[in-house]
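So the structure is just underneath, and the comments pick up after that.
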Amino acid sequence: GAVVSQHPSRVICKSGTSVKIECRSLDFQATTMFWYRQFPKQSLMLMATSNEGSKATYEQGVEKDKFLINHASLTLSTLTVTSAHPEDSSFYICSARDPSEKAFFGQGTRLTVV
Amino acid sequence: GENVEQHPSTLSVQEGDSAVIKCTYSDSASNYFPWYKQELGKGPQLIIDIRSNVGEKKDQRIAVTLNKTAKHFSLHITETQPEDSAVYFCAAFPGPGDKIIFGKGTRLHILP
């Protein structure tokens with residue numbers, strides 16, 4: 001299947017700093033990518049839909065100024081967690097759909113804010 | 001909007017036996033139903049999918065069935081092996097440009 005690459009896989013940052021997570025579709029172009037957050041032993045919670053060349057669409061309750069999304073090219077979307085706090089610690093996962101609309105996920109990023 | 005219910009939340013089966021996970025969806029417009037396997041600390045991996053114009057699809061030990069009338073779809077894993085232990089998510093896709101809706105997941109334990 002298609003490959004979606006996400007980096008970094010793990011990051012530890014100090015409270016108040018910002019962290020950027022990258023998501024790349026390696027063998028197809030994705031006009032739309034998705035960012036999820038997953039709490040332990042729970043399902044995936046959609047945070048936002050990233051649209052190439054336009055503003056991201058955020059789900060209700062997700063702070064757009066805190067979770068900045070940039071989709072600058074057809075193969076790259078980034079999620080920046082700004083002014084991170086311990087409650088932002090979580091597992092973040094990106095997804096991209098290939099031309100047949102199949103959704104593939106990145107490896108996930110474990111963010112720990114200390 | 002679409003709603004996906006998944007059962008059971010936890011399933012333990014003896015190695016070599018079969019495992020069945022069931023999902024129901026609410027939106028009759030949904031036409032694509034993928035299944036994902038998620039291992040600890042990793043992102044979900046697409047393992048099999050089915051579109052609404054097909055009733056069953058099989059890939060080696062994994063099969064998926066779809067009943068459009070009842071809005072049910074199921075994942076069947078035969079001859080289970082230890083490496084099948086993981087969390088499995090079903091999902092429904094209402095249509096192009098729509099969000100994929102996930103079930104809450106099933107934690108599958110393969111017992112030695």
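Only the coordinates and a few stated rules stand behind these numbers; no lab work does. Worth saying up front: this structure is predicted, and the values here are computed from it rather than measured. Here the Cβ is made from the backbone with ideal geometry for all residues, glycine too, and neighbour counts use every protein chain on show.
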### Task
For the stretch A:87-114 and the stretch B:87-112, compute the distance between their C-alpha centroids and round to whole Å.
15
### Free-standing Cys residues across chain A, given no other cysteine C-beta under 4.7 angstrom
A:Cys13
### Query
Which longest run of chain A has no exposed loop site in it, a site being trypsin sites (Lys or Arg not before Pro) in a DSSP loop with at most 11 other beta carbons within 10 Å, and the site itself not part of the run?
A:42-114
## Note on the structure
Rounded to one decimal in nm, the spacing of the 7 Å Cα→Cβ label points at A:Arg10 and B:Val54 is 3.8
### Message
On a 19 Å Cα-Cα criterion, which of the cross-link pairs A:Lys41/B:Lys58; A:Lys20/A:Lys55; B:Lys37/B:Lys71; B:Lys37/B:Lys104; B:Lys22/B:Lys104 come out too long?
### Response
A:Lys41/B:Lys58; B:Lys37/B:Lys71
### Query
Relative contact order (percent) for chain B, with alpha-carbon contacts under 8 angstrom and 6 or more residues of separation?
37
### Query
How big is the charge dipole of the protein assembly as shown about its Cα centre, in debye rounded to the nearest 20, if each Lys and Arg gets +1 on its Cβ and each Asp and Glu gets -1 on its Cβ?
280
### Query
Label-point separation (nm) for A:Glu59 and B:Thr10, each offset 7 Å from Cα along Cα-to-Cβ?
2.5
### Query
How much net charge surrounds B:Tyr36 when only other residues with a Cβ under 13 Å from its Cβ are counted (Lys, Arg +1; Asp, Glu -1)?
+2
### Task
Using a Förster distance of 41 angstrom, determine the FRET efficiency expected from the C-beta separation of A:Asn51 and B:His109, and round it to 0.05.
0.55
### Query
Which net charge results when you count Lys and Arg as +1 and Asp and Glu as -1 among the other residues whose beta-carbon is under 9 Å from that of A:Ser77?
-1
### Task
With +1 on each Lys and Arg Cβ and -1 on each Asp and Glu Cβ, and nothing else charged, work out how big the dipole of chain A is about its Cα centre, in Debye to the nearest 20.
260
### In the stretch A:5-104, the GluC sites (Glu not before Pro) that fall in loop regions by DSSP, at most 10 other Cβ within 10 Å
A:Glu63
### Summary
Rounded to a whole number, the mean other protein chain Cβ count within 10 angstrom for residues of B:69-78 is 0
### Message
Can you tally the net charge around B:Glu15? Count Lys and Arg as +1, Asp and Glu as -1, for every other residue whose Cβ sits under 12 Å from the Cβ of B:Glu15.
### Response
-4
